[in-house]
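Okay, so here's the structure we're looking at.
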Protein chains: 2
Amino acid sequence: MSKCEQCIVREFSSLKALTKDELLKLSDCKTSYTLKKGAVIFEEGENVNGIYCIKDGVCKLTKLSANGKDHIVKLVTKGELLGQRSMISDEPVNLSAVALNDMQVCFIPKAEVMGYFDKNNNFSMNVMKTMCGDLKEADVQTVNLAQKTVKERLAATLLYLYQSFGENDDKSLKIQLSREELASMIGTATESCIRLLSDFNKQELIALDGKKIILKDISSLKKIAN
Amino acid sequence: MSKCEQCIVREFSSLKALTKDELLKLSDCKTSYTLKKGAVIFEEGENVNGIYCIKDGVCKLTKLSANGKDHIVKLVTKGELLGQRSMISDEPVNLSAVALNDMQVCFIPKAEVMGYFDKNNNFSMNVMKTMCGDLKEADVQTVNLAQKTVKERLAATLLYLYQSFGENDDKSLKIQLSREELASMIGTATESCIRLLSDFNKQELIALDGKKIILKDISSLKKIAN
DNA sequence: ACCAAAATATGATATTTATCATGCGAAAGC
DNA sequence: GCTTTCGCATGATAAATATCATATTTTGGT
């Protein structure tokens, strides 16, 4: 079993507030998992009795809408924690989490984490700060959905994927989403998303190579995205 | 100066976790304000050195979008706290708060509130739970904006106003928003909003009397809203 | 009470976006 | 290896929504 004390990822999450003692205890009670692309970490409505710390990989958080379509609310990557909200509010999770590529995650049982809230104020403050950041992001997301066109949102999302997850050696986006997933992130029909990608391709803002997407003209994309 | 200990509103907010001693101290350091409809409590980008506790009235939280239009992110009413996020993350507020009707609010300076975080774990937990609820709501909001039509969103918003703020003696919605504000809540053009209200009126789902809106057929509205 | 300005309303039209239909190519299952 | 399915692509069309123009009504100020 790997030691949390030496886990680099810890430094990026609220867990960085933990003391040496707490980390040692954490190492003993955590469970590590390796997940394949497509694996479901948890599903909307489930009870998750603890939190997941993402050591490597990326997953999507989705929510089922009234019309039966999944909407991708957020992408979450290494260093971030999953399931805090459900644990704090003592409710079933309201989002599903699915691996977008191979992942390594550690599960920390609820009892352990709740102890930190009681005894370690820094930890509580870190969690609160994270949630404040999430809320701010959510507001931005809301306004973008309400006010921007699909084209603007697509450009913004491509830039977000580029800036947050980087590119491969061949310059293509590291995070590979299907057209359907991309559409579900920006909130549009799959065909509309495909059509706009084709347009961007024709205007040489991006290049398409099968599933791969290469951003060719970042500054123009930024202008479109606002 | 009124005593926080006797303020009913306190029971609805995270402040309910405070001890008698803390409440007494709070009474001394808070400042009470009476605000007229339209008054600006704070504006996006400002530094707010504390939190506001709403004793009475309703305000809108808005965010300026890239195209220069205000979007109403949320309505906040008595019992709720304003400006927590900004205080916790130590950043300027990212939303503006404007009174929708006459309000009574109390301002509590940052130093006082930060003390509660340190010493009163129940308070921290309450704040966290509130933020978890806000995040959940934000997810729902995001999915609605992404997947529902303007008509569905209008119906849902009317129902929300009805359920959250109630009706006057003449059955009209207690919260009176201008068409522009309503449009800015559901994320559409003012004209589109007006047109759909007219449609609802013709279908006898609602009745319009100047600015007043009366919900006549709640169950049909619910069907439309999903 | 009167006027100017703002809010509401509605028509005409343009634009954006979704939906339906179809084809094509690659990947997955037998 | 073959077929079947799935993801991507594109055209045609319909529906939703925004925009511009212009009345009409309401509101606020003096």
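The values are calculated or read from the model by the stated rules, or taken from the named source; none is laboratory data. Because the structure is predicted, anything quoted here is derived from the model rather than measured. Positions of Cβ are generated from backbone atoms using ideal geometry, with glycine treated the same way; all protein chains shown enter the neighbour counts. Just so you know, the surface numbers come from the protein's heavy atoms only, side chains and all, with ligands and any DNA or RNA stripped out. Shrake-Rupley method; radii C 1.70, N 1.55, O 1.52, S 1.80 Å.
So which of A:134, A:139 is open to solvent by less than 30 Å² (accessible area, probe 1.4 Å) and more than 16 Å from DNA strand D (Cβ to nearest atom)?
On the way: A:134 fails: open to solvent by less than 30 Å² (accessible area, probe 1.4 Å).
None of the others qualify; the one that does is A:139.
Has the stretch B:82-90 got at least one residue that is more than 16 Å from DNA strand D (Cβ to nearest atom) and more than 21 Å from residue A:121 (Cα to Cα)?
Keep residues of the stretch B:82-90 that are more than 16 Å from DNA strand D (Cβ to nearest atom), which gives B:82-90.
Retained after the next criterion (residues that are more than 21 Å from residue A:121 (Cα to Cα)): B:82.
Among the residues of the stretch B:82-90, at least one is more than 16 Å from DNA strand D (Cβ to nearest atom) and more than 21 Å from residue A:121 (Cα to Cα), which makes the answer yes.
Based on this model, can you work out whether residue A:191 counts as touching a residue at least 12 places away in the same chain (Cβ under 8 Å), within 15 Å of DNA strand D (Cβ to nearest atom) and open to solvent by 10 Å² or more (accessible area, probe 1.4 Å)? Break it down into steps so the answer makes sense when it comes.
Numbers: touching a residue at least 12 places away in the same chain (Cβ under 8 Å): no; within 15 Å of DNA strand D (Cβ to nearest atom): yes; open to solvent by 10 Å² or more (accessible area, probe 1.4 Å): yes.
Spelling it out, it is not the case that residue A:191 is touching a residue at least 12 places away in the same chain (Cβ under 8 Å), within 15 Å of DNA strand D (Cβ to nearest atom) and open to solvent by 10 Å² or more (accessible area, probe 1.4 Å).
Have a look at B:16, B:69 and point out the one that is modelled with pLDDT under 95 and under 29 Å from residue A:124 (Cα atoms).
Values: B:69 fails: under 29 Å from residue A:124 (Cα atoms).
None of the others qualify; the one that does is B:16.
Identify all residues within the stretch A:26-59 that are among the small types (Gly, Ala, Ser) and either under 11 Å from residue A:101 (Cα atoms) or touching a strand residue (DSSP E or B) at 6+ places or on another chain (Cβ under 7 Å) (or both); write none if there are none.
Start the filter on the stretch A:26-59 by keeping residues that are among the small types (Gly, Ala, Ser), which leaves A:27, A:32, A:38-39, A:45, A:50, A:57.
Within the stretch A:26-59, A:32, A:38, A:39, A:50, A:57 meet the criteria.
Residue by residue through the stretch B:130-162, note down the ones that are among the basic types (Lys, Arg) and touching a residue at least 12 places away in the same chain (Cβ under 8 Å).
Initial filter on the stretch B:130-162 (among the basic types (Lys, Arg)): B:136, B:148, B:151, B:153.
Correct list: B:148, B:151, B:153.
Tally time: how many residues in the stretch A:178-199 are of a type outside the set (D, E, K, R) and either part of a loop (DSSP other than H, G, I, E, B) or more than 13 Å from DNA strand C (Cβ to nearest atom) (or both)?
4
What are the pairs, 6+ residues apart or on separate chains, where a residue within the stretch A:68-83 that is among the hydroxyl-bearing types (Ser, Thr, Tyr) has its Cβ under 8 Å from a residue that is outside any strand (DSSP E or B) and surrounded by 19 or more Cβ atoms within 10 Å (Cβ to Cβ)?
Taking only residues 6 or more apart or on different chains, the pairs are A:77/A:57.
I'd like the full set of residues that are open to solvent by 30 Å² or more (accessible area, probe 1.4 Å) and either part of a helix (DSSP H, G or I) or in contact (Cβ under 8 Å) with a residue 24 or more places away in the chain (or both), limited to the stretch B:88-97. Steps first, answer last, please.
Of the stretch B:88-97, the ones open to solvent by 30 Å² or more (accessible area, probe 1.4 Å) are B:89-92.
Hits for the stretch B:88-97 are B:89, B:92.
Which residues, counting only those in the stretch B:143-177, are under 17 Å from the mean Cα position of the chain (by Cα) and either in a helix (DSSP H, G or I) or polar (S, T, N, Q) (or both)?
Answer for the stretch B:143-177, where residues must be under 17 Å from the mean Cα position of the chain (by Cα) and either in a helix (DSSP H, G or I) or polar (S, T, N, Q) (or both): B:156, B:157, B:158, B:159, B:160, B:161, B:162, B:163, B:164, B:165, B:176.
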